[in-house]
Amino acid sequence: MIELYDLRCENLSNPIGIDEKIPRVSWKIKTDENNFIQKSYQIVYESVIGTDNDGWSNLWDSGKVDSAQNHLVEYKEPNPISMQRIRWRVRIWKSDDNHDNPSE
């Protein structure tokens with residue numbers, strides 16, 4: 001079992017607003033496996049559609065990035081617009097998974 005938790009943006013949990021032009025995100029990994037090492041990650045950013053906050057549109061997808069980094073990972077592009085509501089999701093791959101299965 002792999003669980004990602006304590007997802008943060010600029011070290012804040014569920015921030016209402018941030019001042020950074022290039023925000024950075026972080027996550028922690030909980031697993032019952034010994035010697036677990038993250039091999040890769042994928043981050044998907046979505047922006048709200050309309051004013052009712054009932055729809056989300058894909059804003060940017062990092063694709064699979066071969067990196068063990070999970071702290072202060074920079075948002076690459078496009079630059080967020082002032083007052084734009086964005087949410088993000090992340091999944092990871094472990095280093096010894098020969099089947100290339102990502103986390104939930």
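Readers should treat all values here as calculations from the given coordinates under stated rules, not as data from a laboratory. Given the structure is predicted, the values throughout are model-derived calculations rather than measurements. When we count neighbours, we look across all protein chains shown, and the Cβ atoms used for this are built from the backbone with ideal geometry, even at glycine.
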> Under 9 Å by Cβ, and 6 or more places apart or on different chains, what pairs join a residue from segment 6-18 that is assigned to a strand (DSSP E or B) with one that is of a type in the set (A, V, I, L, M)?
Replying inline: Leu7/Val25; Leu7/Val90; Arg8/Val25; Cys9/Ile18; Cys9/Val25; Cys9/Ile86; Leu12/Ile18
> Out of all the residues in segment 19-49, which are in contact with a Ser or Thr (Cβ under 6 Å, 6 or more places away or on another chain) and either of a type in the set (Ser, Thr, Tyr) or in contact (Cβ under 8 Å) with a residue 60 or more places away in the chain (or both)?
Replying inline: Gln42, Ser47
> Filtering segment 52-61 down to residues that are surrounded by fewer than 17 Cβ atoms within 10 Å (Cβ to Cβ) and in contact (Cβ under 8 Å) with a residue 12 or more places away in the chain, which residue is farthest from the chain's Cα centre (by Cα)?
Replying inline: Asn53
>> With the requirement that a residue be of a type in the set (D, E, K, R) and surrounded by 12 or more Cβ atoms within 10 Å (Cβ to Cβ), what does segment 21-51 give you?
In response: Arg24, Lys28, Lys39, Glu46
>> I need the strands (runs of 3 or more DSSP E) fully contained in segment 19-86, keeping only those with at least 1 residues that are farther than 23 Å from Glu3 by Cα and touching a Gly at 6+ places or on another chain (Cβ under 7 Å).
In response: 38-49
>> So, Ile18, is that one touching an Asp or Glu at 6+ places or on another chain (Cβ under 9 Å), under 18 Å from Ile92 (Cβ atoms) and surrounded by 11 or more Cβ atoms within 10 Å (Cβ to Cβ) or not?
In response: no
